[in-house]
Amino acid sequence: MSQRSANRTRVIRALRERGPLSRRELADLGLSRSTVTVVVDELIGAGVVIEVEGPVRGAGRPAQLLSLNPRLGVAVGVEIANGVVRAAVCDVSRRLLSQGEIAVDERTDPKKTLVVVGELIERLLDGRPRESVLGVGVAIPGPIQRGTGRSGRATTLKPWVDVNPYAAAEALRLPLAVDNDANLAAVAEATWGVARGLRDVAYVYSAAGIGVGFILNGSLYAGANGTAGELGHTTIDENGEICECGGRGCLNTLANAFSITQNLRRSHGRELSIAEVITLAHDGDLGCRRVIADAGRHIGLAAANLYNLLDPELIVLGGNLAPAGEILLGPLRESMARRAIHAGEVLPPFIVGELDQDVVVVLGAAAVVLRDDERFPLPVRK
Ligand SMILES: [Zn+2]
């Protein structure tokens, strides 16, 4: 590769990895100012890069930023969850173009589910040619085993146990990246939300179970087997109830949506959904507030262990418990502070993510495609 094309590739990769950047930020990649000028002029001339207005800082004019040309293509994000499939389409300038979802019976087998996914993608592409799709990111709940690419026993999506999602999703006939929902939600917050620009972040995602997506040293961390971040299966009570995983007293048995709603059967006389419990708690229902606070304390205990081991600069809460906000986070922070080591530093903030819970996972799935220039190259001469 000539020096010139190596520099072009570097600029394109930086724009894919970090989003729109100023000329000065591009120079910080280790390129001289004059090289940046030459490379950027070339890329603008070739229609690969466009100039856009950045946010206004202070009283000055908005900064001129360089962005990838949105016409270069789109990325699709897909989430296969219990009872629903969701999808979103983003262009390479990181703009969300369309999103949608279709309800699917949770017992549906992967093949049929992927037919529905294919139809949803077609609808959201809205006449755009398939060739414009750089790739599809697919989120499934639970870990993907590193070696085999299979979704393991721990997935809460029963028809997908021991299925290789890459093989199953071949039917979509598009380049694929598969990962679990918590990891992808973390990537979404790192791309558009509260974790933007941070290097060490833990994203606690609560769906059927509680998982964590780790961004460590600026990269997604999956672990040797792909099972990193199974916070829901860390032991909180050695003498507690048996968990689906076969363990005893896992966090999931004490603080996931199911265990929270189960606690209220006697007092409230019927099965409440987690969303109803949270709404009632905000309206002042004492029982609902109590079970959410208790769940917060248990998650805080697990989070203290997580902090003691990994020392993230931010912990983000997302998923179906996020709407509980401070009712959950207050007791959670207190419980975490009691157990976390204090080396004279302040504990990392534990906050609710910024992105809408309905789209955070599909956005992350699309972001994985948008950010990876090696696996999902742009249709440009380098
Ligand atoms: Zn467990």
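Scanning for something farther than 30 Å from Arg199 by Cα and of a type in the set (D, E, K, R), does region 221-239 turn up at least one residue?
Our first condition is that a residue be farther than 30 Å from Arg199 by Cα; within region 221-239, this holds for 237-239.
Next, only the ones that are of a type in the set (D, E, K, R) stay: 237-238.
Yes, because at least one residue in region 221-239 is farther than 30 Å from Arg199 by Cα and of a type in the set (D, E, K, R).
Quick check, is Arg265 of a type in the set (D, E, K, R), farther than 21 Å from Gly296 by Cα, away from the ligand (no atom under 15 Å from the Cβ) and open to solvent by 10 Å² or more (accessible area, probe 1.4 Å)? I'd like the intermediate steps shown before the answer.
Details: of a type in the set (D, E, K, R): yes; farther than 21 Å from Gly296 by Cα: no; away from the ligand (no atom under 15 Å from the Cβ): yes; open to solvent by 10 Å² or more (accessible area, probe 1.4 Å): yes.
Criteria not met by Arg265.
Those residues that are hydroxyl-bearing (Ser, Thr, Tyr) and open to solvent by less than 10 Å² (accessible area, probe 1.4 Å), I need them from region 196-206; list them, please.
Initially, region 196-206 is screened for residues hydroxyl-bearing (Ser, Thr, Tyr), giving 203, 205-206.
Of everything in region 196-206, those that are hydroxyl-bearing (Ser, Thr, Tyr) and open to solvent by less than 10 Å² (accessible area, probe 1.4 Å) turn out to be Tyr203, Ser206.
How about region 110-152: which of its residues are in a loop (DSSP other than H, G, I, E, B) and touching a residue at least 40 places away in the same chain (Cβ under 8 Å)? Walk me through how you get there before you give the answer.
Taking region 110-152 as the starting set, the residues that turn out to be in a loop (DSSP other than H, G, I, E, B) are 126-129, 141-143, 145-150, 152.
Answer for region 110-152, where residues must be in a loop (DSSP other than H, G, I, E, B) and touching a residue at least 40 places away in the same chain (Cβ under 8 Å): Arg128, Pro141, Gly142, Pro143, Gln145, Arg146, Gly147, Gly152.
If you check Arg153 against the conditions, is it open to solvent by 30 Å² or more (accessible area, probe 1.4 Å), at pLDDT below 90, on the phi < 0 side of the Ramachandran plot and not polar (S, T, N, Q)? Steps first, answer last, please.
Details: open to solvent by 30 Å² or more (accessible area, probe 1.4 Å): yes; at pLDDT below 90: yes; on the phi < 0 side of the Ramachandran plot: yes; not polar (S, T, N, Q): yes.
Considered against the rule, which asks whether it is open to solvent by 30 Å² or more (accessible area, probe 1.4 Å), at pLDDT below 90, on the phi < 0 side of the Ramachandran plot and not polar (S, T, N, Q), Arg153 comes out as yes.
Within region 287-318, how many residues are closer than 12 Å to Leu231 by Cβ and not in a helix (DSSP H, G or I)?
Result for region 287-318: 2.
Sort out which residues of region 282-304 are without any contact (Cβ under 8 Å) to a residue 60 or more places away in the chain and within 27 Å of the chain's Cα centre (by Cα), and write them in order of number. Give the derivation first.
Within region 282-304, the first condition is being without any contact (Cβ under 8 Å) to a residue 60 or more places away in the chain, and the residues that meet it are 282-297, 300, 304.
Matches in region 282-304: His282, Val291, Ile292, Ala293, Asp294, Ala295, Gly296, Arg297, Gly300, Ala304.
So, of the residues in region 124-139 that are more than 23 Å from the chain's Cα centre (by Cα) and surrounded by 13 or more Cβ atoms within 10 Å (Cβ to Cβ), which turns out to be farthest from Arg94 (Cα to Cα)? Don't jump to the end; show me each part of the working.
Here is the first cut: in region 124-139, the residues more than 23 Å from the chain's Cα centre (by Cα) are 126-132.
Then drop every residue that is not surrounded by 13 or more Cβ atoms within 10 Å (Cβ to Cβ), which leaves 128, 132.
Values: Arg128: 17, Ser132: 15 Å.
Here the answer is Arg128.
Each row is one residue, and each column tells you yes or no for (1) within 16 Å of the ligand (Cβ to nearest atom); (2) open to solvent by 60 Å² or more (accessible area, probe 1.4 Å); (3) within 22 Å of Asn308 (Cβ to Cβ); (4) in contact with a strand residue (DSSP E or B) (Cβ under 9 Å, 6 or more places away or on another chain).
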{"position": "Ala185", "(1), (2), (3), (4)": "no, no, no, yes"}
{"position": "Ala188", "(1), (2), (3), (4)": "no, no, no, yes"}
{"position": "Ala208", "(1), (2), (3), (4)": "yes, no, no, yes"}
{"position": "Asn217", "(1), (2), (3), (4)": "no, yes, yes, no"}
{"position": "Gly226", "(1), (2), (3), (4)": "no, no, no, yes"}
{"position": "Leu231", "(1), (2), (3), (4)": "yes, no, yes, yes"}
{"position": "Asp283", "(1), (2), (3), (4)": "no, yes, no, no"}
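Which ones in region 65-109 are touching a residue at least 24 places away in the same chain (Cβ under 8 Å), over 18 Å from the mean Cα position of the chain (by Cα) and at positive phi?
The answer is Gly73, and nothing else.
Of everything in region 106-126, what is among the charged types (D, E, K, R) and either in contact with a Lys or Arg (Cβ under 9 Å, 6 or more places away or on another chain) or under 15 Å from Pro141 (Cβ atoms) (or both)? Give them in sequence order. Even if it seems obvious, please write down each step before you answer.
Initially, region 106-126 is screened for residues among the charged types (D, E, K, R), giving 106-107, 109, 111-112, 119, 122-123, 126.
Hits for region 106-126 are Glu106, Arg107, Glu122.
Quick check: anything in region 100-113 open to solvent by 10 Å² or more (accessible area, probe 1.4 Å), in contact with a Cys (Cβ under 6 Å, 6 or more places away or on another chain) and modelled with pLDDT of 95 or more?
The initial filter retains those residues of region 100-113 that are open to solvent by 10 Å² or more (accessible area, probe 1.4 Å), namely 100-112.
Keeping just the survivors that are in contact with a Cys (Cβ under 6 Å, 6 or more places away or on another chain) gives none.
No, every residue in region 100-113 fails to be open to solvent by 10 Å² or more (accessible area, probe 1.4 Å), in contact with a Cys (Cβ under 6 Å, 6 or more places away or on another chain) and modelled with pLDDT of 95 or more.
Taking the condition assigned to a helix (DSSP H, G or I), crowded, with 19+ Cβ neighbours inside 10 Å, touching a Leu at 6+ places or on another chain (Cβ under 6 Å) and not assigned by TED's automatic domain parsing to the domain that holds Ala139, does Ile327 pass? Even if it seems obvious, please write down each step before you answer.
Numbers: assigned to a helix (DSSP H, G or I): yes; crowded, with 19+ Cβ neighbours inside 10 Å: yes; touching a Leu at 6+ places or on another chain (Cβ under 6 Å): no; not assigned by TED's automatic domain parsing to the domain that holds Ala139: yes.
When the stated conditions are applied, Ile327 does not pass them.
Would you confirm whether or not region 235-252 contains a residue that is part of a helix (DSSP H, G or I), surrounded by 17 or more Cβ atoms within 10 Å (Cβ to Cβ), away from the ligand (no atom under 16 Å from the Cβ) and without any contact (Cβ under 8 Å) to a residue 60 or more places away in the chain?
Scanning region 235-252, I find no residue that is part of a helix (DSSP H, G or I), surrounded by 17 or more Cβ atoms within 10 Å (Cβ to Cβ), away from the ligand (no atom under 16 Å from the Cβ) and without any contact (Cβ under 8 Å) to a residue 60 or more places away in the chain, so the answer is no.
Which residues, taken from region 202-234, are outside any loop (DSSP other than H, G, I, E, B) and more than 20 Å from Glu189 (Cα to Cα)?
Going residue by residue through region 202-234, those that are outside any loop (DSSP other than H, G, I, E, B) are 202-206, 210-216, 219-221, 231-233.
Correct list: Gly232, His233.
On the given criteria, is Glu271 free of Cβ contacts under 8 Å to residues at least 12 places away in the same chain, under 24 Å from Thr155 (Cα atoms) and more than 16 Å from the ligand (Cβ to nearest atom)?
Considered against the rule, which asks whether it is free of Cβ contacts under 8 Å to residues at least 12 places away in the same chain, under 24 Å from Thr155 (Cα atoms) and more than 16 Å from the ligand (Cβ to nearest atom), Glu271 comes out as yes.
The values are calculated or read from the model by the stated rules, or taken from the named source; none is laboratory data. In this text, all values refer to a predicted model and were calculated from it rather than measured experimentally. As a convention, Cβ positions derive from the backbone with ideal geometry for all residues, glycine included, and neighbour counts pool all protein chains shown. SASA here: full protein model, heavy atoms, side chains in, ligands and nucleic acids out. Shrake-Rupley method; radii C 1.70, N 1.55, O 1.52, S 1.80 Å.
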